[in-house]
Amino acid sequence: MFSDLFANEIWLATLLTLKLAITTTLILLVISIPLGWWLSQSNNRFKPVIEACVTLPLVLPPTVLGFYLLVLFSPQHPVGSAWVSVFDSTLVFSFYGLLFGSILYSLPFMVQPIRDAFVKIDRDLLDASRTLGANRIQTFKWLILPLSKHGITTGCILAFAHTIGEFGVVLLIGGNIESETRVLSILLYDLIETNQMEAANQVATVLVCFAFVVLLCLSVLRKRENTKVL
């Protein structure tokens, strides 16, 4: 059994983690749909550069990205200084700093499934839509998005799960401030550092449950998609 103080601590960390993951996923959804469509259709010569930038967080160590964001968000940097002058608060060690970092770090997990879904759309369907008089917005809304719903849903699930499991980036730019930047992964690290193994086990169990639910959802989605194909 744990004290009410620890129960409140893990509850606050869970709420903050969910807030960060949900907000990051919603913002990434708005960004990734047009970006994924452009990547799937464009022949621009700068497309490989953009793709490399989007994919970079997949191979870049989280601490490296966290370090550069820490420098970028610091009040000594023009970006961090501009934020301080406008909002009278720093990006470093704040929820908004975590949010910006999470958006950058989870971007490829949202963009890639959406882009792949757009690539699989039959071009003949798009041509038929234009032949029938539908404009680009109508075609995108009533044809492209419904046909890509599995890719969009997969991207949302992966981005949500990846944000929940973040550690290196959030630790460097957010620190360990209760109700502000102490998400579940940071709380787990803090408990291990202070040798509170039983409490750490409880937090780890919560994260394992999140991961299991995500994998279960992805498995169900794949099964439904395969069933429709058959």
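The values are calculated or read from the model by the stated rules, or taken from the named source; none is laboratory data. What you see is a predicted model, and the numbers here were worked out from it, not measured in a lab. We place every Cβ from the backbone using ideal geometry, glycine too, and count neighbours over all the protein chains shown. To get the accessible areas, we keep the full protein, side chains included, count just its heavy atoms, and leave off ligands, DNA and RNA. Shrake-Rupley method; radii C 1.70, N 1.55, O 1.52, S 1.80 Å.
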- Query: Once phi is turned into θ = phi - 60°, what whole-Hz ³J(HN,Hα) does the Karplus curve with 6.51, -1.76 and 1.60 give for every residue of segment 74-86, x standing for Gly and Pro?
  - Reply: 5, x, 6, 8, x, 5, x, 5, 5, 4, 4, 5, 8
- Query: Once phi is turned into θ = phi - 60°, what whole-Hz ³J(HN,Hα) does the Karplus curve with 6.51, -1.76 and 1.60 give for every residue of segment 137-151, x standing for Gly and Pro?
  - Reply: 5, 5, 4, 5, 6, 9, 10, 5, 4, x, 5, 9, 4, 5, x
- Percentage relative contact order, the chain, counting C-alpha pairs under 8 Å, at least six apart: 29
- Note on the structure: Going residue by residue through segment 203-213, the Karplus relation 6.51 cos²θ - 1.76 cosθ + 1.60 with θ = phi - 60° gives ³J(HN,Hα) values, rounded to whole Hz and with x marking Gly or Pro, of 5, 4, 4, 4, 5, 5, 4, 4, 4, 5, 4
- Query: Counting only the backbone N, which residues of segment 94-108 are under 17 Å from the spot 7 Å out from the Cα of Y68 toward its beta-carbon?
  - Reply: 100-108
- Query: Hey, if we sort E198, E166 by accessible area with the 1.4 Å probe, largest down, what's the order?
  - Reply: E198, E166
- Query: Could you give the angle, 0 to 90 degrees to the nearest 10, between helix 62-73's Cα long axis and the longest principal axis of the Cα atoms of the chain?
  - Reply: 80
- What residues have an amide H closer than 5 Å to that of I121, excluding those fewer than 5 places away on the same chain, when H is modeled at 1.01 Å from N in the peptide plane? none
- Hey, got a sec? Which trypsin sites (Lys or Arg not before Pro) in segment 120-189 land in a DSSP loop and have at most 15 other Cβ atoms within 10 Å? K120
- Query: Which of A199, A128, A82 moves most in a GNM of the chain, Cα contacts under 10 Å?
  - Reply: A128
- Item | Rough spin-label spacing in nm, given labels placed 7 Å along Cα→Cβ, for S81 and D124 | 6.0
- Item | Highest-MSF residue in the chain out of A200, A211, A134 [GNM, Cα springs under 10 Å] | A134
- So, in Å, what gap is there between the alpha-carbon centers of segment 40-59 and segment 128-156? 22
- Query: So what's the net charge close to G151: Lys and Arg +1, Asp and Glu -1, counting the other residues with Cβ under 9 Å from its Cβ?
  - Reply: +2
- Item | Most mobile of I144, I173, I152 in a GNM of the chain (Cα contacts under 10 Å) | I144
- Decide, for the chain, between rounded, prolate and oblate: order the square roots of the alpha carbon gyration tensor eigenvalues as a ≥ b ≥ c, take rounded if a/c falls under 1.5, and otherwise choose prolate if a/b is larger than b/c, else oblate. oblate
- Just the accessible area for F87, please: 1.4 Å probe, Å², rounded to the nearest 10? 120
- In the chain, lysine pairs with alpha-carbon atoms under 17 angstrom apart (chain gap of 8 or more, or interchain): 6
- What is the helix-to-structure angle for 95-119, meaning the angle in degrees between its Cα long axis and the longest Cα principal axis of the chain, kept from 0 to 90 and rounded to the nearest 10? 30
